[in-house]
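Below is one structure, written out as structure tokens; the observations come after it.
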Amino acid sequence: MQDQAFDWNTILCDVGVRHHHLYPQLDRAEFSDVISRLQQGSGPFDTLANYLIYGAAAVLGREQKASGEALAYHARLNTKTKAVSLYFWAEEAIAHQQYQTAEGLIAPLLEAYPADPFLNAMMASCCFYSQELTRGWPHLKQGLESAPRNTALNSLLCRYLIGDGDLPAAEKAASGLLDIEPNDPVAFNTLSRVAPEAIDARLMERFERCAHDPALGPITSAGIFFDLGRVYEAHQNYDQAFGAVCKANECMKTIPAIAGQIFDADQEYAQFEHQTALFDKLEPCSLPTGLTPVFIIGLPRTGSTLLDQALSAHPSTVSLGEDEIIPRIVQEAEALLKTGKVTDAQRQLRVWKARFADHARQKAAELTLAEGASDTATHAKPVRFVIDKMLGNSRHLEFLTKLFPEAIFINSCRNTMDVGLSIFFSPLHRANIYATDLSTIGDYIALEARVMAFWARRGLSPRVVQYEGLVDAFEPTLRSVMDYIGMDWHEDCLRFHQMKRPVYTYSAHQVRKKIYRQSIGRWRHYEAHLKPLADALLSGGLAADGGDAAPLSSALQTSLTSKAS
């Protein structure tokens, strides 16, 4: 490729860094061990492969002394070796989900080689995973201009188009990608999400073979099996769909970072109670920001993205999506309170609240730019409501009521059996170790009910929005929710699927379509396979008869009060 600065992968292959005896430890994020073994062995700078491994472990592990040594050595290298070092470290940073670190490593390379397709692909990847498509599009377009048939760039193009909601263009891009690379898993994933009914038997057979290829690794194989399950279901081959998804979840269990980990609902609940007790020491923060946070909480696969999209279509609203800002603030607060610094934490509430408000306004400005405004200062919409859809914030209601006394909480709910099945059929982030087994999924659903019962005893009962009600009576339900929040009605909220803004959740392709009912009662197609889920739900005190039971409704919270205590 004429715009490629160096043949990065060939150089790294020649160096042998991925065959280094310590690379498996680096891959498992055992950074301190890698540094120690190189320091005690042949030395971190004895070979280029040693140096690349050592530098990656130092940078990703944030080992200050080792990083200083690696960067001092880096300054003495020639231009080509410096570039290859940064490239390898950036690749590893992306692999370990350290996207800001990766961007910092890629930036000087892009400054020197702005048209390099591989560098642009890496930066576009960072922007995608950091949920900043607007910032990533220029890099993606630059990369495709330099290398229109580059597989990585065309894979990213499919993902960007789904995120932006251009499903016809995503389907076209996926078909084009299959012409370039017939076995590309992203192309198959895109087609399985956008047009599963159109996938023929030959393509299915091809990716069945791909999914069984051990060279792909468990994450990629799992993704293909999940996609196969989606396509089989679209063709009403339910037993085959369930079999494919079982294989997907078995692959997920072998991912090195989580292999052998066991989900323990009782331990999770004990940790939740302990953390909540820390926040009891705080008093509400009275700092006015002019914003009303609306937290959508609850279980995954309950229609929360649908609700988020409908509410955020309102012109006075901005959605943060599944943003990490609150979990990060919670960590900071917990660190202070664990060391007895209650006064410091109380004072810091104002800082955290202002940070959240600034973050929301910045997000609104970015969305305004993404929607075509040339001058965000002039055209940025006046934001009054901020939607935060990080579902796990259900664990932090005590803290959130102290930080935002004015906040609104909405609990997204759905039939328990449909929730459990949908989780099992979804490639959730591997950190959700409960999601690979029907029994532990039932335990997790019951845990969420137990948490909500805890809050109910404290007088914290978020407004329940039932998925089935939202689908069957969309406008009346939405009007009721908006009235509860204090939002004036706006017709744009009925046209949420036409919104020109990125969506980053697994439901990105679904919320671009009009309301559909196919997911209600979906569990009945798989009833013969779901006994472990039903048994776990019953053991947790939840209805598992397929009725319209809302697992976290106020009635059920009351019935669980004695069990939770």
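The values are calculated or read from the model by the stated rules, or taken from the named source; none is laboratory data. Computed from a prediction, not measured in an experiment: that's the story for all the values here. Don't worry about glycine lacking a Cβ; one is built from the backbone with ideal geometry, like all the others, and counts go over all protein chains shown. Surface accessibility is based on the protein's heavy atoms, side chains included, excluding ligands, DNA and RNA. Shrake-Rupley method; radii C 1.70, N 1.55, O 1.52, S 1.80 Å.
Structure notes:
- Normalised contact order of the stretch 317-467, rounded percent, pairs of Cα under 8 Å and 6 or more residues apart: 27 percent
- A straight Cα-to-Cα reach below 19 Å connects Lys253 with the aspartates and glutamates Asp27, Asp213, Asp227, Asp264, Asp437, Asp443, residues fewer than 8 places away in its own chain not being considered.
- The chain pair-distance distribution - Cα-Cα, 20 Å bins, rounded %: 19, 53, 28, 1
- Portion, in percent, of the accessible area of the stretch 384-427 that falls on carbon or sulfur, probe 1.4 Å: 57 percent
- Whole-Å distance, taken between Cα centres, linking the stretch 1-37 and the stretch 287-326: 40 Å
- Peptides 424-433, 50-59, 264-273 ordered by average Cβ neighbours within 10 Å, highest first: 50-59, 424-433, 264-273
- Helix axis angle, 554-564 relative to the chain longest principal axis, alpha carbon, degrees: 70 degrees
- If you sort Arg457, Arg350 by accessible surface, 1.4 Å probe, largest first, the order is Arg350, Arg457.
- Between 0 and 90°, nearest 10: helix 325-338 axis offset from the chain longest Cα axis: 90 degrees
- Only Lys, Arg (+1) and Asp, Glu (-1) charged, at Cβ; the stretch 269-409 dipole about Cα centre in debye: 220 debye
- Remark: relative contact order (the chain) = 13 percent; criterion is Cα-Cα distance under 8 angstrom and separation of 6 or more residues.
- Average accessible area per residue (Å²) across the chain - probe 1.4 Å, nucleic acids and ligands excluded: 43 Å²
- Only helices enter the 222 nm calculation for the chain: every DSSP H run of n ≥ 4 contributes -39,500 (n - 2.57), and dividing by all residues gives -18500 deg cm²/dmol, rounded to 500.
- Computed on the stretch 121-253, with alpha-carbon pairs under 8 angstrom and 6+ residues apart, the relative contact order is 16 percent.
- Expressed as a whole percent, the accessible area of the stretch 1-139 that falls on carbon and sulfur atoms is 50 (1.4 Å probe).
- Backbone amide hydrogens, once placed in the peptide plane, bring Thr292 within less than 5 Å of Phe385, Val386, excluding anything fewer than 5 places away on its chain.
- Between helix 185-194 and the chain there is an angle of about 30 degrees, using the helix long axis and the longest principal axis of the Cα atoms.
- Each of Gln236, His274, Gly143 was scored by the projection of its Cα onto the charge dipole of the chain, and the greatest displacement toward the positive side belongs to His274; charges sit on the C-beta of Lys, Arg, Asp and Glu.
- In the structure shown, the pairs Lys172/Lys363; Lys281/Lys338; Lys141/Lys172; Lys65/Lys338 are assessed against 19 Å; a Cα-Cα span above that value is assigned to Lys172/Lys363; Lys65/Lys338.
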